[in-house]
1. Does Ala26 fit the bill of being at pLDDT 95 or above and under 18 Å from the mean Cα position of the chain (by Cα)?
2. Please state which of the following conditions Thr161 fails to meet, knowing it meets all the rest: (1) under 17 Å from the mean Cα position of the chain (by Cα); (2) part of a strand (DSSP E or B).
3. Find the residue count for the stretch 44-59, including only residues that are of a type in the set (D, E, K, R) and either closer than 15 Å to Tyr283 by Cβ or surrounded by 24 or more Cβ atoms within 10 Å (Cβ to Cβ) (or both).
4. Let me confirm something: among Val113, Val117, which residue is modelled with pLDDT of 95 or more, over 26 Å from Arg63 (Cα atoms) and in contact with a strand residue (DSSP E or B) (Cβ under 7 Å, 6 or more places away or on another chain)?
5. What about Gln326, is it part of a strand (DSSP E or B) and either in contact with an Asp or Glu (Cβ under 6 Å, 6 or more places away or on another chain) or under 30 Å from Asn80 (Cβ atoms) (or both)?
6. Within the stretch 222-245, is there a residue that is in contact with a Ser or Thr (Cβ under 6 Å, 6 or more places away or on another chain), surrounded by 15 or more Cβ atoms within 10 Å (Cβ to Cβ) and small (Gly, Ala, Ser)?
7. Being touching a Phe, Trp or Tyr at 6+ places or on another chain (Cβ under 7 Å), in a strand (DSSP E or B) and either surrounded by fewer than 17 Cβ atoms within 10 Å (Cβ to Cβ) or not hydrophobic (A, V, I, L, M, F, W, C) (or both) is the filter here; which residues of the stretch 164-185 pass it?
Amino acid sequence: MTPGTTVFGTTASGQPVHRVIISSGALSAAVLSHGVALQDVRLRGVKHSLTVGSPELTAYEGRMASCGSIVGPVGNRIGNAMALIDGKTCYFDKNLNGRHTLHGGGAATHRKVWEPVDSSAAHATFQLTLPDAAHGFPGNRTLRATYGVTDTTLRLTLTATTDAPTLMNLANHSYWRLDNAPTVAGHTLTVAADRYLPATLEDVLPTGEITSVTSTRFDYRKGRTLQAGKEGLLDTNFCLSQTRQPLRPVAWLTGQSGLNLVMATTEPGLQVFDGHILNLPQYPGNDGAPYVAYAGLALEAQFWPDAPNNPDFPPIILRPGDDWEQITTWSFSA
């Protein structure tokens, strides 16, 4: 892919969507202003795309809206679509089974067109402004997302500011696929977490427990082979720490081809999602063919889900003047 900016398409509401390609060394990435979606990632010498994406904007306005995008202002779940912020109860959209809020409800950042504000051959920055009280979230908020590439590493920096106490939990929702195969079955996943959050079966809402992975199917500390659903649902928050940390590796993914991905982040949680919803025959994928269920694995660096309603979880309150910054990197090697 050649670095530069082009018009990717126009939304149904008439907004232009831009596609920015950044490149450095052996790695290149394409980012859309729609949801700041990481649309395509290519490594020199590898013939297939490393992430789930589509060349059609209709896919991102439809069922592929979260693919590669920044989900927020609160990614993942808010139980019962409500939370207490400094003594005030705030109510949000009930867009998950009519009871809970998922990925911000109608405030969803992955369904909005962000403004490209700065770019070079190796980086691109986008900005989004969210108004006070929109869909229940207080504060006039400004979000920034910067993607950069160096050699074989892709880096994402997210920042957020507000003029009133609010909730903030942004996450990149990319699905990774390291083999040129229909599914990620056979990939080996390692996660540096000794605890996870048990969740309800129907809503995948944390029960409030914080449980050791020892002697459970969620123990990925020494690596486990993915089985494309045969191991049971994998839509799980792995507890990496209680607070943000200096950038450190937290997950390793290896394809049967020998291609490796090392993910590092500052965040205290990692949601691993098996991609069973990716049966999308109506959209072409980055390499032409439509995706099938389990076509990619999502690794979402974030704070723990439903944190406002679980006092033992790391808090996600953002206050005026706070220095809110998330850094995540993905490093590839053959």
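The values are calculated or read from the model by the stated rules, or taken from the named source; none is laboratory data. Source: prediction; values computed, not measured. All Cβ positions, even for glycine, are placed from backbone atoms using ideal geometry, and neighbour counts span all protein chains on display.
1. no
2. (1)
3. Of the residues in the stretch 44-59, 1 are of a type in the set (D, E, K, R) and either closer than 15 Å to Tyr283 by Cβ or surrounded by 24 or more Cβ atoms within 10 Å (Cβ to Cβ) (or both).
4. Answer to the selection: Val117.
5. yes
6. Among the residues of the stretch 222-245, at least one is in contact with a Ser or Thr (Cβ under 6 Å, 6 or more places away or on another chain), surrounded by 15 or more Cβ atoms within 10 Å (Cβ to Cβ) and small (Gly, Ala, Ser), which makes the answer yes.
7. Thr166, Asn169
Quick grid of which residues meet (1) closer than 24 Å to Thr152 by Cα; (2) surrounded by fewer than 16 Cβ atoms within 10 Å (Cβ to Cβ); (3) not charged (D, E, K, R):
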{"residue": "Met1", "(1), (2), (3)": "yes, yes, yes"}
{"residue": "Gly14", "(1), (2), (3)": "no, yes, yes"}
{"residue": "Arg19", "(1), (2), (3)": "yes, no, no"}
{"residue": "Ser28", "(1), (2), (3)": "yes, no, yes"}
{"residue": "Leu38", "(1), (2), (3)": "yes, no, yes"}
{"residue": "Arg42", "(1), (2), (3)": "yes, no, no"}
{"residue": "Glu61", "(1), (2), (3)": "no, no, no"}
{"residue": "Cys67", "(1), (2), (3)": "yes, no, yes"}
